[in-house]
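Participant: This structure is in structure tokens; I'll ask about it shortly.
The values are calculated or read from the model by the stated rules, or taken from the named source; none is laboratory data. It should be emphasised that the depicted structure is a prediction, and the values quoted were computed from it without experimental measurement. Cβ sites come from the backbone with ideal geometry, for glycine too, and all protein chains shown count toward neighbours. Surface areas here come from the heavy atoms of the whole protein model, side chains and all, with no ligands, DNA or RNA. Shrake-Rupley method; radii C 1.70, N 1.55, O 1.52, S 1.80 Å.
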Amino acid sequence: MKIRQNARHFASRKALELPVVSDVVKSKLVDMHTGIFLKKAEEGRREERKERLDAFFDATMDSYLAALQAGAPEAEAREITHIQSNFDFYNHGWTEMMEFPSDELEEHYERYETFFAEHDITIADPLGEFAPDEMPDAPSTPEKLDDPEHPFAEGGFADDVYVQGDDGEIRVGGQDEPENVDISDAVGVDEGEA
């Protein structure tokens, strides 16, 4: 899968691992991801999906931290959460929101199969043990699976994590964490809060 990575991602990671500020950052990251993916949804479907996306992305923050604690690099831990999201989009027939084509679902699962199996995550159950007790549902569009359209998907990146930096260059596997990460660069944090 191809994702972006910059200093803000590392700052947000660090902030998520800290007491107090982690709640603020988690909330802002959830809002940000919900906003990004709702813009990819059909206009008439956005409001009905919002509550589920909020809850889903909140749960993926926990899987992100679990992947980091298991030793995954930042890019891979974040990619895991994006793959989980794409599983859920596929399950609901929300193919217009997918980041990779549906015919690459198995390949993406297999790359992280060890992590997914440890946490009971499958394509059919994308949150596994990270699922909240009550998960909001949203209407599916299963008819889209017959002839899926993926206007925002980029295929051909299923064999590794491909990271596009601020310079536009794509690196396989991502980049190392920069020295002196400043948590005031994290999503939702400013210098006064840091």
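Participant: On the given criteria, is T60 closer than 15 Å to D125 by Cα, at pLDDT 95 or above and open to solvent by 10 Å² or more (accessible area, probe 1.4 Å)? Full working, then the answer.
Facilitator: Working: closer than 15 Å to D125 by Cα: yes; at pLDDT 95 or above: yes; open to solvent by 10 Å² or more (accessible area, probe 1.4 Å): no.
It is false that T60 is closer than 15 Å to D125 by Cα, at pLDDT 95 or above and open to solvent by 10 Å² or more (accessible area, probe 1.4 Å).
Participant: Inside region 142-184, can you point out the residues that are within 28 Å of L16 (Cα to Cα) and among the basic types (K, R)?
Facilitator: Result: R171, single match.
Participant: Please specify each residue of region 88-111 satisfying the condition of being in a helix (DSSP H, G or I) and closer than 17 Å to Y162 by Cα.
Facilitator: First, pick out the residues of region 88-111 that are in a helix (DSSP H, G or I): 88-91, 95-97, 102-111.
Residues satisfying the conditions are E104, L105, E107, H108, Y109, E110, R111.
Participant: I need the full set of residues from region 161-177 which are open to solvent by less than 50 Å² (accessible area, probe 1.4 Å) and in a loop (DSSP other than H, G, I, E, B), in order please.
Facilitator: V161, G165, G168, G173, G174
Participant: Give the residues of region 1-30 that are open to solvent by 80 Å² or more (accessible area, probe 1.4 Å) and touching a residue at least 12 places away in the same chain (Cβ under 8 Å), sorted by residue number.
Facilitator: Here is the first cut: in region 1-30, the ones open to solvent by 80 Å² or more (accessible area, probe 1.4 Å) are 4, 8, 17, 19-20, 23, 28.
Answer for region 1-30, where residues must be open to solvent by 80 Å² or more (accessible area, probe 1.4 Å) and touching a residue at least 12 places away in the same chain (Cβ under 8 Å): R4, R8, E17, K28.
Participant: Further question: V161 passes all but one of (1) in contact with an Asp or Glu (Cβ under 7 Å, 6 or more places away or on another chain); (2) hydrophobic (A, V, I, L, M, F, W, C); (3) under 30 Å from E47 (Cα atoms); which number fails?
Facilitator: Here V161 meets the rest and fails (3).
Participant: So, one more: Regarding region 143-156, can at least one residue be identified that is within 22 Å of K26 (Cβ to Cβ) and either open to solvent by 70 Å² or more (accessible area, probe 1.4 Å) or part of a loop (DSSP other than H, G, I, E, B) (or both)?
Facilitator: To start, the set of residues in region 143-156 that are within 22 Å of K26 (Cβ to Cβ) comprises none.
Within region 143-156 (the criterion being within 22 Å of K26 (Cβ to Cβ) and either open to solvent by 70 Å² or more (accessible area, probe 1.4 Å) or part of a loop (DSSP other than H, G, I, E, B) (or both)), the answer is no, since none of the residues qualifies.
Participant: Among the candidates A66, A77, single out the residue that is touching a helix residue (DSSP H, G or I) at 6+ places or on another chain (Cβ under 6 Å) and not in a loop (DSSP other than H, G, I, E, B).
Facilitator: Numbers: A66 fails: touching a helix residue (DSSP H, G or I) at 6+ places or on another chain (Cβ under 6 Å).
Exactly one residue qualifies, and that residue is A77.
Participant: Can you spot a residue in region 130-140 that is closer than 20 Å to R46 by Cβ, at pLDDT 85 or above, surrounded by fewer than 19 Cβ atoms within 10 Å (Cβ to Cβ) and over 19 Å from the mean Cα position of the chain (by Cα)?
Facilitator: Within region 130-140, one or more residues are closer than 20 Å to R46 by Cβ, at pLDDT 85 or above, surrounded by fewer than 19 Cβ atoms within 10 Å (Cβ to Cβ) and over 19 Å from the mean Cα position of the chain (by Cα).
Participant: Going through region 31-50 one residue at a time, which ones are surrounded by fewer than 15 Cβ atoms within 10 Å (Cβ to Cβ), over 16 Å from the mean Cα position of the chain (by Cα) and either closer than 26 Å to D166 by Cα or touching a residue at least 24 places away in the same chain (Cβ under 8 Å) (or both)?
Facilitator: E42, E48
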